[in-house]
Amino acid sequence: MSEGPARSTPMASVGTTKTDRKLEDKMLAAANDPERALVIARARSFKRSWLELAEALTQVLEKGNWQAWGYASFDAYCKKELQITPSTAAKLTGSFRFLKSNAPTIIERSHDDAHAPIPDVKTVDFVQRAEERGAADESTMAEIRRMAFDEGERAPMLARRFKSVAFPVSEEDNQSRLLNQLGSSAKRMAALLAEPNLPIPHKLAVEVEEVMGKLLEAVEAKLS
């Protein structure tokens, strides 16, 4: 990470936040350590360019720099110095490693052109999870990769088109989902019927409440 943090100027949308002020202070304090300051700068511009931060974090993780910077773990470094949760850091480093292995031209393009389009992290995560799930055949995965990485389709569009193929739900899981939804709906209905001064006849409310009770019994019996 020899380049300076010039490409990672903070966004106006986060420039006045408490978190950004903390990061700015940390970056100034690390001025004598360009590599450390660069990672902090990229954390400040996270929403603008997640890929830059993901690459920097991956290098810190692989080189173990966080130890020299006085942290007991990589997670502690991310949380305390960069104000990034461990789960977010894991998603960023995982997505970067996936791109490096499966679509390295995206990373190379971002190095050559600061304004080159890159897929957002949710899109990369969708493709990665689809690859790991292994439910879609190779031609479908090729189409997913093409739409995500070449055409710039975002995760919601990919999910609408490919979710049922890439992440199929078994009949058993679908039945369990429906039973849970029925149970939740019956409980909400029973709670509403218990409200005073209902704008419906009392007799009808009692009858419906009894039906909801029977429905809940049937759902619980199926789920047990």
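Note on region 166-191: among residues that are surrounded by 15 or more Cβ atoms within 10 Å (Cβ to Cβ) and more than 18 Å from the chain's Cα centre (by Cα), the one that is nearest to Ile144 (Cα to Cα) is Leu179. Of the residues Gln59, Gln128, Gln67, which is in contact (Cβ under 8 Å) with a residue 40 or more places away in the chain and either farther than 28 Å from Phe162 by Cα or not aliphatic (A, V, I, L, M) (or both)? Result of the check over Gln59, Gln128, Gln67: Gln59. Filtered by the rule that a residue be at pLDDT below 90 and either in the same structural domain as Glu52 (by TED's automatic domain parsing) or out of contact with any helix residue (DSSP H, G or I) (no Cβ under 6 Å at 6 or more places or on another chain) (or both), region 93-117 gives Arg109, His111, Asp112, Asp113, His115, Pro117.
If only residues of region 50-84 that are more than 14 Å from Ile40 (Cα to Cα) and assigned to a loop (DSSP other than H, G, I, E, B) are counted, the one that is farthest from the chain's Cα centre (by Cα) is Gly70.
The values are calculated or read from the model by the stated rules, or taken from the named source; none is laboratory data. Owing to the predicted nature of the structure, the values given are computational and were not obtained by experimental measurement. Counting neighbours? That spans all protein chains shown, and the Cβs are built from the backbone with ideal geometry, glycine included.
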